[in-house]
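Shown next, in structure tokens, is the structure this report addresses.
Values in this text are rule-based calculations from the coordinates and carry no lab data. Just so it is clear, the structure is predicted and the values come from calculations on it, not from any experiment. Reconstructed Cβ throughout: ideal geometry from the backbone, glycine too, with neighbour counts over all protein chains shown.
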Amino acid sequence: MADIALTYVGGPTALLEYGGLRFLTDPTFDEPRTYEPRNGVTLTKTHRPGLAPADLGTVDAALVSHHHHGDNLDVLGTELLRHLPLTISTTKAAEDLGGTVAGLEPWQSRLVGDVTVTAVPALHGPPGSEGRGPVNGFVLQAADTPNVYISGDNASLLYVKSIAERFGKIDIALLFAGAARLPVVEGDLTLSSADAARAAGILASDTVVALHTEDWAHLTESRDDFRDAFADKNVYVETPRAVRVVLRRL
């Protein structure tokens with residue numbers, strides 16, 4: 001049985017080895033740049049990725065929380081999807097991107113090899129932010145294997161509670177945090193570090209990885225802030241950039 005391992009690329013992007021497959025989260029591979037304003041919002045990337053697409057090796061599927069924000073799917077990330085056998089995202093992403101992108105509504109599942117991938121709800125901002133467009137998180141399950149939650153850009157602890165009610169204990173949580181903020185929205189667009197710690201408690205997770213905590217100018221909390229929020233919980237796993245870290249030996 002293959003170990004569960006993660007290689008952090010940068011921002012929301014990581015290569016997750018699970019159930020004998022390799023999953024890529026929210027592909028972002030552009031060099032630092034400022035993106036053209038969209039809906040009055042300008043995004044600035046501040047750090048290059050730890051790996052280029054050519055460095056990834058085999059990718060069995062990408063898991064894209066949403067496609068309409070450049071800090072979750074950028075130019076090179078979009079190009080990479082065209083070369084992958086499968087991408088799982090929202091139904092809107094499947095409609096807009098086409099190709100091998102398969103869309104799931106929340107609570108719908110798809111089998112990838114021996115891994116069941118279930119889309120779960122995510123709210124990209126404070127209550128009432130549904131109009132910012134659809135966003136999915138994901139839960140991965142396989143026989144005799146700890147389950148994994150990938151939050152995507154979710155800021156709602158109520159949604160986290162609904163996931164815990166559906167799946168029970170989540171063994172490994174990949175939490176998108178950084179307390180993202182933009183002038184056009186009142187409130188955090190992603191989990192704050194404190195809310196990430198609360199989410200891990202709700203899920204009863206004993207392994208937690210930080211994603212989406214750096215590399216973008218609109219993130220107001222850092223990876224250090226995330227680490228500090230978990231200082232007394234003994235669940236946080238450090239994932240240096242471009243280093244393969246075993247999360248669970250099986």
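Note that the stretch 5-246, at 10 °C in a medium of 1.306 mPa s, gets a Stokes-Einstein diffusion coefficient of 91 µm²/s from its Kirkwood radius over C-alpha pairs.
Could you size up the charge dipole of the chain around its Cα centre, putting +1 on the beta carbon of Lys and Arg and -1 on that of Asp and Glu, and report it in debye to the nearest 20? Intermediate results must be reported in sequence, preceding the final value.
On the way: 21 positive and 32 negative charges, 45 e Å.
So the magnitude is around 220 debye.
Modelled label positions at E79 and L111, each set 7 Å beyond Cα in the direction of Cβ, lie 3.7 nm from each other. A protection proxy built from the mean count of other Cβ atoms within 10 Å ranks the segments 5-13, 173-181, most packed first, as 173-181, 5-13. The modelled label-to-label distance between D224 and E31, using points 7 Å beyond Cα along the C-beta direction, is 2.8 nm. Seen from every direction in turn and averaged, the convex hull around the alpha carbons of the stretch 177-250 projects onto 5.7 nm².
The orientation-averaged projection of the convex hull spanning the C-alpha atoms of the stretch 22-73 amounts to 3.9 square nanometres. Which distance in Å, rounded to a whole number, links the C-alpha centroids of the stretch 111-185 and the stretch 187-236? Cα centroid to Cα centroid, the span is 14 Å. For the stretch 33-140, what log10 I(q)/I(0) values come out of the Debye formula at q = 0.22 1/Å, with one point per alpha carbon and no solvent? Those come out to -1.33, one per q.
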